[in-house]
Ligand SMILES: Nc1ncnc2c1ncn2[C@@H]1O[C@H](COP(=O)(O)OP(=O)(O)O)[C@@H](O)[C@H]1O
Ligand SMILES: [Mg+2]
């Protein structure tokens, strides 16, 4: 680096130039994708109400004054915080309990629990929410009907349409994600640390309290904050449940402003709320990094494969297994209800009489009606393209960030990580504002672009972590052996990264399929996808058809996720820890 | 064969830690001239720049200034701007982590340089060459084993086979034995040296272990803080260190401070030490009244038989201090009347009880003056 002339004539030089050019191009692209929408958003928030950013020449703080003086703002912010805090607490506690049982005790059926948890992540939360609505709506929800019949009471025993139900359902839904993170924490904790506590006289509970828990706290905190951030930004469950319950959070409020039934959408006020939301998310992001850095001081996660000691449960074995089983039963209920409904001509409580009306008509419609087949086709395009583009960009960006230490690479890293702090609804509004008047609007490509922007942060993070684990000497060894740059990439880096690339691809594909934020904000007649069609059918309401589509979507996702997951875990198992060098 | 001329290297500052502050140079004026077929060792404490030097030779890092020549080919020169990339240098290298590719079998690892190197060989030739390389390291029975199922010692052998398979004229070894257990390390020292010597390959060997360096090398360059502090044969470094750093890094030593009392005509003189007047060879520049720094190896000190009187040239009286039995020798501390300590490695068959009075001799030709300062 210090000797510019030294590089003048050689391959090395051209190679370095290639990476420089590639990183500048990537930086420009990421800036266009991430930074430009936010600038437009900010500009719009300063425009007079009812004007679009490109048409307006005036700047005014009116929207901010209106938003701040609106008494609803505080209420909405408090709702958002309550919703996020409540659901994350439930999710993390549940996940910690199950993860602890699976990783650190002799609970039977661990493999099954793990597989169920990982597959569960493939199921879109909206689908769960629809199932819960069928179970728990105050009118003909199954729970209410059963309770009325059993106890002979009148009225509503339980309603899904309340803040607390929404919190509980979200908590149940995020437990699998929390489980995957917390199980990793528990697995990577050196059991010798606990043994040391026991040898020096602490009792079982004492060790848990004085050693295990304090060591886990930083990790649990960072899992909690990460999920908290995600829940602050969550849109799907608050939309499906909260709208009827009349509990609004920031994301749904922004949706309502942008999709007003009564008046023309007020984009400038929407943008103002979006800016507030963005600031809130950015603050949380900073807190998250503080906590993560704090956690690094403990560095319990050494990456070595330990064999943690398994505590015998003894008499607690049966109750523990029953509790875990109960959780899965509860998780399965909404899904079963949807399955039942998808075979019915109209929604009905399960009964022998209803069973006689069994029909496949809904599935026939799903595969025949033009609108729905188009949605399915669009979904396939969406998943394939957004997941592939995200992973290709992520590998390149992570590569540059890890192996070249220039200012461009650092900027690239920062810009590609920023979407983590941008709530999807805010990004959706910003993208809508930019592309409303372009030919891209109304096409599936605009949703692909939005998803690439939204998920690039995840992609680069995971590829970054994966590349860090590939010892640089593995690359050097290929170069020394006489291999050129591309041979090295093809024969060493790509095969080593493959399991991580596949996992990342799956994650993006799954999230792209389940997301309703961007499809609903950017919806037109032509770019409808399965998730948005699901919502449209549900609100129409065509409950049985919507249920059938939900089942088809989930089945499709499971068929994609499960085999690839099995394949990648085989791949990783084949290269056990020993020689990753 | 391999010449390094005035290599200098800075790493750019890393991360947040001390950003802004310029870190110390990783290499300062490193010049070496290594002969064809020589077993040459870079020795030094961790962080002294051994790996950096090796990576500059390999082309994985680039010096800021300097020149590197292999045979008559200049592979790096900062001045006219020549830089041959690593894959065009035709080297073999064993990495500290071994860098065995975990997604390949033993065969695929070893065959890689032949299949992807500059000369693409027909697969029948590749097969025979890989077979030969694996036989050389005694791994012929592991051809199809996936790399993750190898022990540390086997991985080290695969790395060695991969480095040798394309018959390079220079091989670079970065602490290849440091991840092995002590027994295996002892055996591999001899085996490794015999192997490269038999093939006549010029070897650059990096280690922080002085025993390895002394036992294997033709010549050693001892490095400290990015500089070569002494260059010579193992005997040179052990018996004639030029500084206290070298003396203490290569083997154990007693450093004794004293004052030059008398400078003789024959290059000898007398230095006044805490034990008494000591006659020893003096450098030509020494002057009376200067402070002298002397070095004696613990093996060089002689404990006189019990009852011998503390009389005669370079013989002093002391009490036996702390002792410890190490099997191969007794590690004994001798304490003079005013508390100065000399460490002696005595015969394991001769026990000295703590507290007894003994006489010891510092033979004149085993006392080495490292420095004289006024
Ligand atoms: N990639 C790098 N970036 C920055 N500093 C480095 C890098 N590699 C080595 N150094 C620094 O250069 C010095 C020499 O390192 P190295 O050559 O690896 O030492 P050795 O191999 O002798 O232990 C050390 O101070 C080390 O911290
Ligand atoms: Mg090193």
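No lab work stands behind these numbers, since they all come straight from the coordinates. Keep in mind it's a predicted model, so treat the numbers as computed, not measured. Don't worry about glycine lacking a Cβ; one is built from the backbone with ideal geometry, like all the others, and counts go over all protein chains shown.
Looking at segment B:106-251 only, what percent of DSSP beta bridges run antiparallel? Nearest 5 please.
50 percent
Just B:208, B:352, B:103 to compare: in a GNM of chain B, with alpha carbon springs under 10 Å, which one fluctuates most?
Looking only at B:208, B:352, B:103, the biggest GNM fluctuation is shown by B:103.
Of all the Cα-Cα pairs you can form in segment B:201-242, what percent are over 16 Å apart?
Result: 31 percent of Cα pairs exceed 16 Å.
Kindly state, as a whole number, the per residue volume in cubic angstrom of the convex hull around the alpha carbon atoms of segment A:310-448.
Hull volume normalised by residue count: 241 Å³.
Measure nothing but the geometry: give the 0 to 90° angle between the long axis through the Cα atoms of B:123-136 and the longest principal axis through the Cα atoms of chain B, rounded to 10°.
Taking Cα atoms only, the helix is inclined about 20 degrees.
Can you give me the distance in nm between label points at residue A:89 and residue B:46, each placed 7 Å from the Cα along the Cα-to-Cβ direction?
Distance between label points: 4.6 nm.
So for segment B:2-248: antiparallel DSSP bridges make up what percent, rounded to the nearest 5?
In segment B:2-248, DSSP labels about 55 percent of beta bridges as antiparallel.
Which whole number of Å³ per residue matches the convex hull of the alpha-carbon atoms in chain B?
Normalising the Cα hull of chain B by residue number yields 197 Å³.
Could you list A:166, A:323 so that the one with the fewest beta carbons within 10 Å of its beta carbon is first and the one with the most is last?
Listing A:166, A:323 from fewest to most nearby Cβ atoms yields A:323, A:166.
Could you line up A:68, B:246 from fewest to most neighbouring Cβ atoms inside 10 Å?
Final ranking by Cβ density, sparse to dense: A:68, B:246.
When the convex hull of the Cα atoms of chain A is projected onto a plane and the area is averaged over all directions, what value comes out in nm²?
With the hull built on Cα positions only, its mean projection is 32.4 nm².
222 nm [θ] for chain B, helices only, -39500 (n - 2.57) per DSSP H run of 4+, per residue, to 500?
-6500 deg cm²/dmol
Antiparallel DSSP bridges in the protein assembly as shown: what percent, to the nearest 5?
Of the beta bridges lying entirely in the protein assembly as shown, close to 75 percent run antiparallel.
What is the fewest-to-most order of B:40, A:385 by other Cβ atoms lying within 10 Å of their Cβ?
Final ranking by Cβ density, sparse to dense: A:385, B:40.
Just report the Cα centroid separation between segment B:163-228 and segment A:550-573, whole Å.
Taking the Cα centre of segment A:550-573 as reference, the centre of segment B:163-228 is 49 Å away.
Taking chain B as the reference, fit the longest principal axis to its C-alpha atoms, fit the long axis of helix B:152-164 to the helix C-alpha atoms, and give the angle between the two in degrees, 0 to 90, nearest 10.
70 degrees
Counting pairs of Cα atoms in segment B:255-373, how many percent are more than 22 Å apart?
Taking all Cα-Cα pairs of segment B:255-373, the fraction more than 22 Å apart is 33 percent.
Let me make sure I get this right: for segment A:73-178, a, b and c are the square roots of the gyration tensor eigenvalues over alpha carbons, sorted descending. Under 1.5 in a/c it's rounded, otherwise prolate if a/b > b/c, else oblate. Which is it?
It is oblate, given that a/c is not under 1.5 and a/b is not larger than b/c.
Rounded to two decimals, what ratio of Rg to Rh does segment A:456-521 give with C-alpha atoms and a Kirkwood Rh?
Dividing the radius of gyration by the Kirkwood radius yields 1.17.
Quick check on segment B:67-213: what does the Kirkwood estimate of hydrodynamic radius come out to from the alpha carbon pairs, in Å?
Mean inverse Cα-Cα distance, inverted, gives 16.1 Å.
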